[in-house]
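The values are calculated or read from the model by the stated rules, or taken from the named source; none is laboratory data. Everything numeric here is computed off the predicted structure, so don't read it as measured data. Please note: Cβ atoms are built from the backbone with ideal geometry, for glycine as well, and neighbour counts cover all protein chains shown.
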There are 2 protein chains.
Amino acid sequence: MTDSASDQSVTAGILVIGDEILSGRTKDSNSGYICEYLSEVGIEVREIRTVPDVSAMIVEAVDALRERYTYVFTTGGIGPTHDDITADAIASAFGVGIDIDERAVALMRHRYPNADLTSARLRMARIPQGADLIENAVSGAPGFHIGNVFVMAGVPRIMQSMLDEIGSRLKTGRRIFSETINAPMPEGKIAEPLAKIAEAHPDVQIGSYPHFDGTRFLTQIVVRSRETDKLAAAKSAVEAAVAELTVPDK
Amino acid sequence: MTDSASDQSVTAGILVIGDEILSGRTKDSNSGYICEYLSEVGIEVREIRTVPDVSAMIVEAVDALRERYTYVFTTGGIGPTHDDITADAIASAFGVGIDIDERAVALMRHRYPNADLTSARLRMARIPQGADLIENAVSGAPGFHIGNVFVMAGVPRIMQSMLDEIGSRLKTGRRIFSETINAPMPEGKIAEPLAKIAEAHPDVQIGSYPHFDGTRFLTQIVVRSRETDKLAAAKSAVEAAVAELTVPDK
């Protein structure tokens, strides 16, 4: 880590759009993927919202998130069918027009030179005015980027291709490093020493994550920091606390 | 389906709490599970929010959701460690006090008669005033229910046990039935007939979900309705449209 890296944090909100997520039919894997991707480049995801295919709810959520965070990433609702209303909702949130975009049509023709660009398929070329396109290698139909909002597809393969495409446009933060310590005990046993360590290491985030292996509770302790020396010190303190609580039980 | 079932819709919001979800370290499976569980009893999930372990953000989200929806279900942040602040945040949202609850202590003692109830473990017995407990068979430490908000653990096995426990307390809606039709074609090919079918069947929700099998785009069409006769009519119309588009290509 270099000192020249900006100290200012770069933040993000994620907006997942689609009735199918809320009905439980489709399990959202996109938001977890985006969180992991952004964490690795030092962008801190602060909030995720999932809303149905309802224009007013999309507009409200995108407005709330784009005011609060450096970036907003949306997934879902940019396909060719009647329930794909994300592009129109985003145009409405930004107060701009929306129409078939010749750049998008060209991308789609290039990918499928022999395909019939039906009016349904052309729906995927509807892009809000002033937006930049986000190409994708899988389907041809682009996402778009307007203001601080990146609008991506819901199909995971396509979303991932779009995220790779926009990676280089993002201002990244100072990377957050993390270390995980396994504690072979329930959280309650390690909680008090952990609280003291957290207090003594204010620049390190210390999270405690219980899991149940079917018979016993185990705990993973995750220490996170932008500063590697402080991270190492906190990690040592946690390891010492775990060791102290483990040995006598043997 | 009986006509005596209430026509009034029962709605829900879900609040997922935890830094580990936003950092991408832990993939949230709880919200998808809850969506599926509630859909099956006719409760319509309208929104999901995920926020970090930050009191002000928990309070803001729970307040927004509890005003809008019949029920709010939260997961995460009720363990024994320093980063478990959900119970305090909920008390703060409701403007009530919070203290160690003797009913919760009794449940924990009953489950672990020989365990040392350290001050960390007793943290899990902190319950906002006026709340009812939600028992769980796995860990003993309860969740709680205050106003229209149900506060549950983040560990999936425990959360699921709590959801089973509260199921009988919920007012359920008219169940929504659904049917899925597989269309062996990209969305763009079926989009126009689907839009017409959606218009002709206003009491049926018609969703179109593309997926990519590695070489081809396929589409699943899901029809959903509280009324089985209307559902059957829409399903037939979709099947006919798919058949018409499939046969000539053979």
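Here is how the numbers come out for the structure above:
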{"quantity": "Unique match (being within 12 Å of chain B (Cβ to nearest Cβ), farther than 19 Å from B:G154 by Cα and touching an Asp or Glu at 6+ places or on another chain (Cβ under 9 Å)) among A:P210, A:P193", "calculated": "A:P193"}
{"quantity": "Tally of residues being β-branched (V, I, T) and farther than 17 Å from A:A237 by Cα across segment A:168-195", "calculated": "2"}
{"quantity": "Residues (among the hydroxyl-bearing types (S, T, Y), in a loop (DSSP other than H, G, I, E, B) and farther than 23 Å from B:E20 by Cα) located in segment B:68-112", "calculated": "B:Y69, B:T70, B:Y112"}
{"quantity": "Filtered residue count, segment B:186-215, keeping only those that are in contact (Cβ under 8 Å) with a residue 12 or more places away in the chain, out of contact with any helix residue (DSSP H, G or I) (no Cβ under 6 Å at 6 or more places or on another chain) and surrounded by fewer than 17 Cβ atoms within 10 Å (Cβ to Cβ)", "calculated": "1"}
{"quantity": "Qualifying residue in segment A:54-61 (condition: in contact with a helix residue (DSSP H, G or I) (Cβ under 8 Å, 6 or more places away or on another chain), more than 7 Å from chain B (Cβ to nearest Cβ), farther than 20 Å from B:E187 by Cα and not small (G, A, S))", "calculated": "yes"}
{"quantity": "Looking only at segment B:22-38, and only at residues there that are in contact with a Pro (Cβ under 8 Å, 6 or more places away or on another chain) and farther than 22 Å from B:K171 by Cα, the one that is nearest to the other protein chains (Cβ to nearest Cβ)", "calculated": "B:L22"}
{"quantity": "Among (1) touching a residue at least 12 places away in the same chain (Cβ under 8 Å); (2) farther than 24 Å from A:T180 by Cβ - the single one B:M57 does not satisfy", "calculated": "(1)"}
{"quantity": "Residue check, B:S161 surrounded by fewer than 20 Cβ atoms within 10 Å (Cβ to Cβ), facing another protein chain (nearest Cβ under 8 Å) and under 30 Å from B:E67 (Cβ atoms)", "calculated": "no"}
{"quantity": "Search result, residues across segment A:127-154 that are touching a Ser or Thr at 6+ places or on another chain (Cβ under 8 Å), under 23 Å from A:R25 (Cβ atoms) and either in contact (Cβ under 8 Å) with a residue 24 or more places away in the chain or not assigned by TED's automatic domain parsing to the domain that holds A:G77 (or both)", "calculated": "A:V151, A:M152, A:A153, A:G154"}
{"quantity": "Residue within segment B:105-118 that is among the charged types (D, E, K, R) and either in contact with a helix residue (DSSP H, G or I) (Cβ under 6 Å, 6 or more places away or on another chain) or away from every other protein chain (no Cβ under 14 Å) (or both) present", "calculated": "no"}
{"quantity": "Residues that are in a loop (DSSP other than H, G, I, E, B), basic (K, R) and in contact with a strand residue (DSSP E or B) (Cβ under 8 Å, 6 or more places away or on another chain), drawn from segment B:14-47", "calculated": "B:R25"}
{"quantity": "Matching residues, segment A:39-53, being at the interface with chain B (Cβ under 8 Å from one of its Cβ atoms) and touching a Phe, Trp or Tyr at 6+ places or on another chain (Cβ under 8 Å)", "calculated": "A:R46, A:E47"}
